[in-house]
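Right, one structure below, let's go through it.
What follows is calculated from the coordinates using simple rules that are stated; it is not laboratory data. Given the structure is predicted, the values throughout are model-derived calculations rather than measurements. A quick note on method: Cβ atoms are made from the backbone with ideal geometry, for glycine too, and the neighbour counts reach across all protein chains shown.
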Amino acid sequence: MKEDIKGITADKEKNFSEWYTQVIQKAELADYTKVSGCIVFKPYAYAIWEKIVEVVNDKIKKMGIKNVYFPLLIPESLFKKEKEHVEGFNPEVAWVTHTGNSKLNERLAIRPTSETIMYDSYSKWIRSWRDLPLRLNQWNSVIRWEFKHPVPFLRSREFLWNEGHTAFATKEEAEKECHEILEMYYEFVKDYLALYGIKGRKTEKEKFAGAEYTLSIEYFMPNGKAIQGPDAHFDGQNFAKAFNIKFIDKDEKEKYAWQNTWAISTRMLGVLIAVHGDDKGLVLPPKIAPNKVVIVPILFKKDKEKVIDYCTKLEKKLKKFDAIIDLREYNVGWKYNEWELKGVPLRLEVGPNDMKKKQVVMYRRDNHKKENVKITSLIKKIQDTLDDIQKNLYKKSKKLFEDNLVETDNAKDFENAIENGKFIKAYWCNSQDVEEKIKEKGAKILNIPLEQPKKLGKSLYHPERESKYMVYIAKSY
């Protein structure tokens, strides 16, 4: 059997784009298709996404939110009901205009997001305060077509996500949930994906189209760009008024509902790959890895069957770690390379001598360290090591952010920092002219941190103006 060299040949630090492309292809995460910007999620990537869905779905259900499914196609008349929303999304919408050779009476939008199709139903379902809160979520795919340079996972025209859509009787209830959802996403990404993020509120210019405000979590990438992760939007009564979502309250007065929308998407797979990966390939946090342990038998003709039998029993013993055994007809070096490329957290090497000594050789993917571990203490050692890998990857992610964070209050230092791909902490006077100036330099205000310092520094570009907020700024996807 031919054993091709499958390793990564690009240097992550020197050529991030080529490195990223090689990792997603050689680790068998994605493949390109004839549809520009739409990728195949190969089984390995989809297995990671399934883990994300499993955990987030469980958290959502424990919050009392139920899953539904709404149509993919949205009539144009519904899509146009909320003015700000349609203006925000219209450039990205793909339309269905024909069935066969017959032109449709009304164009149908392929959902870029589902507010408009869902809220038409909400207006029928919500009549009384007894019908509230209405808290629904759906897992689906969406199409957004505008951008020119798609990047698999990070920025694709079709992606997978959840979209939560909730309605409440009071503003206080809605805003409380909005913050709780953001915190749920933040803790999930921290605990499972081992990624350090910054929570904050988007500027008016960057908020979700149709929302009163947007809360987001922003992540710093190794190529000097930031990327938005999960978000939660407080929609106020904007959609309720557009779609006539009204109810009779306890005081027998008719009122509009208060609403939220929120999501996490397959973009997080790209962030995971980019932040944790190294020059050998993918590095997966144990909590999200489809397989936490791979067993690689070292086989010689004389002891082959005994070693295979030993490793097979070991695989069963380690079932709780989703352990797999690699019995393919490749040489050991090729297998090591393959599993390092795929980022499996722990590799156990077992040869005839290890079998006699009742031990395994354990290799850590995150720091490449090896050690001998006795079978009697193996389960505890694996669990402790996996926990340590999870913590170590989070520490590395946080260090990446901290090492690239620059605080500045003057234009020259700010522009140098942007040019050098830094994550910038600055002070802002809350004016659009400064926000536009930042955009002209190829960056944007990512968000306004929820926790603000008691004392603010000089306002960027206009030190004579009073600073209103501390903000984070960077180049962005």
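What does the C-alpha gyration tensor say about the overall shape of the range 331-404? Classify as rounded when a/c is under 1.5, otherwise prolate if a/b is larger than b/c, or oblate. Each step should come with its number before you reach the end.
Working: a/c = 3.53, a/b = 1.68, b/c = 2.10.
The shape class here is oblate.
Taking the Cα centre of the range 286-401 as the origin and placing charges on Cβ (Lys, Arg +1; Asp, Glu -1), which of Leu346, Tyr310, Ile298 is farthest toward the positive end of the dipole? My answer, from the dipole projection, is Leu346.
Counting only Cβ charges, +1 for Lys and Arg and -1 for Asp and Glu, the dipole size of the range 16-276 around its Cα centre is about 380 debye.
Take the alpha carbon gyration tensor of the range 29-151, find the square roots of its eigenvalues, order them as a ≥ b ≥ c, and report rounded if a/c is under 1.5; if not, report prolate when a/b exceeds b/c, else oblate. Verdict is oblate for the range 29-151. Taking a sphere under 11 Å around the Cβ of Asp11 and counting the other residues whose Cβ falls inside, with K and R at +1 and D and E at -1, yields a net charge of -2. Residues Arg267, Arg130, Arg365, Arg135, ranked from the fewest to the most other C-beta atoms within 10 Å, line up as Arg130, Arg135, Arg267, Arg365. A full extension of the chain between Thr9 and Lys316 corresponds to an added length of 107.0 nm, given 0.36 nm per residue minus the alpha carbon distance.
Between Glu84 and Leu104, what FRET efficiency comes out of the Förster formula 1/(1 + (r/R0)^6) with R0 = 35 Å and r the beta carbon distance, rounded to 0.05? Write out the running numbers ahead of the final one.
Numbers: r = 26 Å, r/R0 = 0.75.
Calculated value: 0.85.
The ranking of Cys38, Cys429, Cys311, Cys178 by Cβ neighbour count inside 10 Å, starting from the fewest, reads Cys38, Cys429, Cys311, Cys178. About its Cα centre, the chain has a charge dipole of approximately 1640 debye under the convention of +1 per Lys or Arg Cβ and -1 per Asp or Glu Cβ, with nothing else charged.
Can you tell me the FRET efficiency between Lys124 and Lys356 if r is taken as the Cβ-Cβ distance and R0 is 56 Å, rounded to the nearest 0.05?
Details: r = 72 Å, r/R0 = 1.29.
Calculated transfer efficiency: 0.20.
Classify the range 16-276 from the C-alpha gyration tensor, please: rounded if a/c falls under 1.5, else prolate or oblate depending on whether a/b exceeds b/c. Oblate shape, in that a/c is at least 1.5 and b/c is the bigger or equal ratio. Checking [x] 18; [y] 26; [z] 38 against percent of Cα pairs over 42 Å apart calculated from these atoms, the matching label is [y]. When you restrict to C-alpha pairs under 8 Å that are six or more residues apart and normalise by the size of the chain, the relative contact order lands at 14 percent.
Taking the fewest neighbouring Cβ atoms within 10 Å as the starting point, the ordered list for Thr203, Thr312, Thr99 is Thr99, Thr312, Thr203.
The residue list Thr9, Phe234, Ala94 was ranked by how far each Cα lies along the charge dipole of the chain toward its positive end, using unit charges on Cβ atoms, and Thr9 comes out on top.
Taking 20 Å as the limit for the C-alpha separation, the pairs Lys199/Lys468; Lys190/Lys468; Lys319/Lys369 exceed it in the case of Lys190/Lys468; Lys319/Lys369.
The distance linking the range 294-343 with the range 116-189 is 43 Å (Cα centroid to Cα centroid, whole angstrom). Relative to the current alpha-carbon distance between Asn140 and Val35, full extension at 0.36 nm per residue lengthens the span by 35.9 nm. Based on C-alpha pairs under 8 angstrom that are at least 6 apart in sequence, the range 16-276 has a relative contact order of 20 percent. With the charge dipole of the chain set up from +1 on Lys and Arg Cβ and -1 on Asp and Glu Cβ about the Cα centre, the Cα lying farthest toward the positive end among the listed residues Ile217, Met470, Leu193 is that of Leu193.
Mean separation of Cα pairs under 8 Å and 6+ residues apart, divided by the residue count of the range 405-476: what relative contact order is that in percent? Write out the running numbers ahead of the final one.
Numbers: 135 pairs, mean separation 29.8, N = 72.
So the answer I get is 41 percent.
Quick one: dipole size for the range 280-409, taken about the Cα centre, charges +1 on Lys/Arg Cβ and -1 on Asp/Glu Cβ, in debye to the nearest 20. Please list the in-between numbers first.
On the way: 31 positive and 20 negative charges, 152 e Å.
So the magnitude is around 740 debye.
Each Lys or Arg adds one and each Asp or Glu takes one away; over the other residues whose Cβ falls under 15 Å from the Cβ of Ser431, this sums to -1.
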